[in-house]
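Everything below concerns the one structure shown next.
The values are calculated or read from the model by the stated rules, or taken from the named source; none is laboratory data. Everything numeric in this text was worked out from a predicted model, so none of it was measured. Backbone-built Cβ (ideal geometry, glycine too); neighbour counts: all protein chains shown. Calculation scope for accessible area: heavy atoms of the full protein, side chains included, ligands and nucleic acids excluded. Shrake-Rupley method; radii C 1.70, N 1.55, O 1.52, S 1.80 Å.
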Amino acid sequence: MSDAAILVLNAGSSSLKFSLFPPGAGAQARIQGQIERIHDDPLFTVRGETSAKTVLGTGHRGHARCLDYLLGWLAPRARVIAAGHRVVHGGIHYDAPVRVDATVMERLRHLIPLAPLHQPHNLAAIDLLREMDPALPQVACFDTAFHATKLPPASIFALPREWAERGVRRYGFHGLSYEYVARTLAREQPRLAAGRVVVAHLGSGASMCALRGGRSLDSSMGFTAVDGLPMGTRCGTLDAGVVLFMIREQGLSPDEVELMLYNRSGLLGVSGLSNDMRTLAASADPRAAEAIELFVFRITQQLGALAAAMEGLDGLVFTAGIGENSPDIRARVLNKCAWLGFELDPVANQANAALVTTPTSPRPALVVPTNEELMIAIHTGEVVGRTAM
Ligand code: ADP
């Protein structure tokens, strides 16, 4: 009999990322992998205990066939006892991971318009797995949940209060990443973790979070994951009047506005070249330089805003693709924030070291590689353990 395992799924529009964890908190993934290009020419890659790279062929196009392939591939290798899913939006109903049933799915479907890049694909994977294996316990882990502790003024808009009662409030996202970073800091830097820390999750999606004593007090993202920092293709914070102008004066439909704000803006929109930071960093085009400058400017603005929300700042943590791997972006941010007490260590920064400020810097800046999958596995194990029949 093969070993029991928790399957972690992060289903996106064109990729299905998966990991397999042994049950029990704090363990490393046995395998991690993904199926990319799922609507086109699906490519299956896996690393860990075993590694593989297989072009699945056009016969496996689509989420359903790819998931079916994955389950078939896993069957002889592991006894999957539960599946944990990354679900971007939990709305007002869910501020903790939850075992999925029909009521949960109904509520989560209502949130699709609030996270159009992620939520429909997250939910589609749950639906497909329920059809393929109805008895398998499935747990939804939300990017919003970690922010349930936010300061009250950081949680509402200055709109008539009935809008807040309808769920129009500032939630915050990337919560699984922030939760992992908070746990890691508590273990490795307990004094800093007890204080006031800003975490910058800088990936394709990007946001920042103010942590005090490991709890979220504020975040750059709001009602939806299009708020805050400019991202790969998302615009970030925008004067609401721009949306009205696009609709009234330029005749854009709501769907066209959505496409503009979510898919055509951010680094891609400003550079006109790419949503990928590596491509922009390697480009001599002045528009690429301008996009990077804007990204850095907005990070430093947000850092000031989040420090103000916490009434102080003890340290800064960089995480996710850009945060973990781009010495250039970190150096620019830290140099612009020297006034906040960050003294860059260029050698450590170039090496992507854990501490990228000098030992005598008044405040430390760290790099903590994130691991959202591990958080999902831990939550899934806990929820299934609690709700086992
Ligand atoms: P997501 O998980 O949200 O898809 P990631 O956290 O993987 O995104 O981050 C992707 C981003 O990280 C891309 O913009 C990519 O260019 C950037 N990135 C990855 N490695 C580097 C690097 N060495 N230098 C600069 N940017 C990098």
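Which residues, counting only those in the range 190-219, are touching a Phe, Trp or Tyr at 6+ places or on another chain (Cβ under 9 Å) and either farther than 24 Å from His118 by Cα or away from the ligand (no atom under 13 Å from the Cβ) (or both)?
The answer is Val199, Cys209, Leu211, Arg215, Ser216, Ser219.
For the range 136-148, give me each residue that is surrounded by fewer than 17 Cβ atoms within 10 Å (Cβ to Cβ) and either at pLDDT below 95 or polar (S, T, N, Q) (or both).
The answer is none; no residue qualifies.
Which of the residues belonging to the range 57-77 are among the aliphatic types (A, V, I, L, M), open to solvent by 20 Å² or more (accessible area, probe 1.4 Å) and at pLDDT 90 or above?
Leu71, Ala75
Among (1) at pLDDT 95 or above; (2) closer than 25 Å to His85 by Cα, where does Ser204 come up short?
(1)
Could you please find all residues in the range 164-184 being open to solvent by 80 Å² or more (accessible area, probe 1.4 Å) and modelled with pLDDT of 95 or more?
Of everything in the range 164-184, just one residue is open to solvent by 80 Å² or more (accessible area, probe 1.4 Å) and modelled with pLDDT of 95 or more, namely Arg183.
With respect to Arg187, is the statement that it is within 18 Å of Thr319 (Cβ to Cβ) and surrounded by fewer than 19 Cβ atoms within 10 Å (Cβ to Cβ) true?
Considered against the rule, which asks whether it is within 18 Å of Thr319 (Cβ to Cβ) and surrounded by fewer than 19 Cβ atoms within 10 Å (Cβ to Cβ), Arg187 comes out as yes.
Of the residues in the range 30-45, how many are aliphatic (A, V, I, L, M) and farther than 14 Å from Leu9 by Cβ?
Summing the residues that are aliphatic (A, V, I, L, M) and farther than 14 Å from Leu9 by Cβ in the range 30-45 gives 1.
So, in the range 277-298, of the ones that are open to solvent by less than 50 Å² (accessible area, probe 1.4 Å) and closer than 17 Å to Pro327 by Cβ, which residue ends up nearest to the ligand (Cβ to nearest atom)? It would help to see each step written out before you state the result.
First pass over the range 277-298, keeping only residues open to solvent by less than 50 Å² (accessible area, probe 1.4 Å): 277, 280, 283, 285, 288, 291-292, 295-296, 298.
Still in the list and also closer than 17 Å to Pro327 by Cβ: 277, 280, 292, 295-296.
Details: Met277: 4, Leu280: 8, Ile292: 10, Phe295: 10, Val296: 13 Å.
Among those that are open to solvent by less than 50 Å² (accessible area, probe 1.4 Å) and closer than 17 Å to Pro327 by Cβ, it is Met277.
Do you know which of the residues in the range 359-380 that are of a type in the set (Gly, Ala, Ser) and crowded, with 22+ Cβ neighbours inside 10 Å is nearest to Val197 (Cα to Cα)?
Taking the range 359-380 as the starting set, the residues that turn out to be of a type in the set (Gly, Ala, Ser) are 361, 365, 377.
Remaining after also requiring crowded, with 22+ Cβ neighbours inside 10 Å: 365, 377.
Values: Ala365: 10, Ala377: 25 Å.
My answer is Ala365.
From Glu258, Glu324, grab the single residue that is away from the ligand (no atom under 11 Å from the Cβ) and of a type in the set (D, E, K, R).
Glu258
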